1. Scan the stretch B:194-204 and tell me whether some residue there is more than 27 Å from the chain's Cα centre (by Cα) and β-branched (Val, Ile, Thr).
2. Kindly indicate which of A:Gly15, A:Gly26 is over 12 Å from the mean Cα position of the chain (by Cα) and at positive phi.
3. Which of (1) over 14 Å from the mean Cα position of the chain (by Cα); (2) closer than 19 Å to B:Leu180 by Cα; (3) of a type in the set (Asp, Glu) does A:Asp163 not meet, given it meets every other one?
4. If we scan the stretch B:109-128, do we find a residue that is over 24 Å from the mean Cα position of the chain (by Cα), on the phi > 0 side of the Ramachandran plot and not hydroxyl-bearing (Ser, Thr, Tyr)?
5. Taking the condition away from chain A (no Cβ under 14 Å), modelled with pLDDT of 95 or more and in contact with a helix residue (DSSP H, G or I) (Cβ under 7 Å, 6 or more places away or on another chain), does B:Ala101 pass?
6. Look at A:Ser24 and say whether it is under 17 Å from A:Pro207 (Cα atoms), in a loop (DSSP other than H, G, I, E, B) and either assigned by TED's automatic domain parsing to the domain that holds A:Asp176 or free of Cβ contacts under 8 Å to residues at least 40 places away in the same chain (or both).
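The values are calculated or read from the model by the stated rules, or taken from the named source; none is laboratory data. Predicted model only: the values in this text are computed from it and were never measured. All Cβ positions, glycine included, derive from the backbone under ideal geometry; neighbour counts span all protein chains shown.
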Amino acid sequence: MPHLTLDSISLSYDGGAPVLANVSLGLRSGEFVVVVGRSGCGKTSLLNLAAGFVTPTSGRVLVDDAAVKGPGADRAVVFQDDALFPWLSTAENVAFGPRLAGIGAAERRRIADERLAIVGLPGLGDRPIWRLSGGQRQRVGLARALAANPTFLLMDEPLGALDAMTREAMQELLLDVWGRTQAGFLLITHGVEEALFLATRIVVMAPGPGRIVRTLAVDFGKRRLAGESARAIKASADFVAARESLLDAIFEREAA
Amino acid sequence: MSLDLAEAVLAPADQAAPAKETTTRTKRSIVPIVTALTLALLLGAWQVAATLKLVSPVFLPAPIDVAHQFVTVARDGFVDATLLQHLLASLGRVFAALLAATLVAVPIGFAIGSSPIGRGIFDPLIEILRPIPPLAYLPLVIIWFGISEPSKILIIGIAMLAPIVIATATGVKGVATDRLNAARALGATKAQLLRHVVLPSALPSILVGIRIALGTGWSTLVAAELVAASRGLGFMIQSAAQFLVTDVVIMGILVIAAVAFAFEAAIRLLERWLVPWAGKA
């Protein structure tokens, strides 16, 4: 089974104070790992390491025991500010990965239309992306990542800039997409409920230097996919209890 | 626009919004009327001054004479070429220079914007070249390259170089990191990054550079055509000035101004067509 491994990672930029100290984290296909933590705990650095955008000061980043040398299409990334290409149509944005891989126009269009349908934007392929709303653009960013058929999907606070209503709809969409694919999902977020609702495993990080302080397994997302309503899950006693214990973990040092 | 904004900010809070909007709109629609009146007034004053012979016609020919010269030169020509031939000669030089300058300046701009070595090499050269007025290097260009057609194109082209280089470098430096990373995570090679992400990202900025360069090049035209030209708007004006045919001089100046105006409008159209997304995403 494909696995992405961060092994005893330390990171500091240009010889400055360490951003991450001795962090180890694994991600297997079929998992939905959510990283939460306060600002400055190195969450985004962790994702940038996994994506290959930055190299660790010490430690190793591995995919299936092979060292990661840089970014690659096996690890697609969804960004907080969608990072779409405004000179391309919506469909061309989605099919950007296949285009780089040299796939022909007709096949690219088929891939784009299919992925757009998955993210709930059927028929919007010809729309210029600057005519899309913030939520729609984030969906296009997700569709673009999916079009690369990634083994791992890395998401850096993709819902952070959205309004509350859109965010809830997007959470359901992420669960739905996760249920359909074999890919391993890694999501960075500030949202405690978001983490509980989506994750199979939650990783809590703390700053100064960034490190992992707690890991907990949850199954609310699987319950949602099994048919239970989102509202019922979020109101259930075990969800509320899990939220309290997660908040405790995040603010552990203040509580102590 | 900025004045309107200031007024909107400074307007008393109790003023009704729709009423405020109406006043703003009225003020805005007044601008072209005021402009038209100003131009008409200037033209009228000019005609009156000429009719009453307040100034000798050698210094100030009547606007009607200038208009008449426009028709005459367009039909019969001046110094062995019609107005259209002069215009085409000048346009040919400016566009040849623009093509050459763009081919040289865009890669240099990419080098400055994307690599420290490129910046180290080209940045000081461009900064030295940029403030030198074309008339200053004109004699050197003549000594080095003679007085043939390429020399004229070179003079205009040098003046166009810096604006395009600087605008391109700014555009390349300004490419969002997330956009680059997004493409890299989709498997883009270095060459694909340049072709599919950096170039389109920088295109709006490059077009701004070309618009500025076209203005700079066009204003260098008269200097370039000082050098043994036999055709061109700048040459036509200088020949006319030597014979004190002032109405042709003024007519030539107005044609140069009109062409500059047309350039500006054309590039704006080009921008709307090529980079409709600029500033929107």
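1. yes
2. On the way: A:Gly26 fails: at positive phi.
Only one candidate qualifies: A:Gly15.
3. (2)
4. No, that holds for no residue.
5. Details: away from chain A (no Cβ under 14 Å): yes; modelled with pLDDT of 95 or more: yes; in contact with a helix residue (DSSP H, G or I) (Cβ under 7 Å, 6 or more places away or on another chain): yes.
The answer is yes for B:Ala101.
6. On the way: under 17 Å from A:Pro207 (Cα atoms): yes; in a loop (DSSP other than H, G, I, E, B): no; either assigned by TED's automatic domain parsing to the domain that holds A:Asp176 or free of Cβ contacts under 8 Å to residues at least 40 places away in the same chain (or both): yes.
No, not satisfied.
Yes/no matrix, rows are residues, columns are (1) among the aliphatic types (A, V, I, L, M); (2) in the same structural domain as A:Arg211 (by TED's automatic domain parsing); (3) within 15 Å of A:Glu157 (Cα to Cα); (4) under 17 Å from the mean Cα position of the chain (by Cα):
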{"position": "A:Val19", "(1), (2), (3), (4)": "yes, yes, no, no"}
{"position": "A:Val34", "(1), (2), (3), (4)": "yes, yes, yes, yes"}
{"position": "A:Thr44", "(1), (2), (3), (4)": "no, yes, yes, yes"}
{"position": "A:Gly52", "(1), (2), (3), (4)": "no, yes, no, yes"}
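Yes/no per residue for (1) in contact with a strand residue (DSSP E or B) (Cβ under 8 Å, 6 or more places away or on another chain); (2) modelled with pLDDT of 90 or more; (3) within 19 Å of B:Leu193 (Cβ to Cβ):
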residue	(1), (2), (3)
A:Val36	yes, yes, no
A:Leu49	yes, yes, no
A:Pro56	yes, yes, no
A:Ala73	no, no, yes
A:Pro86	yes, yes, yes
A:Arg99	no, yes, yes
A:Asp113	no, yes, no
A:Leu116	no, yes, no
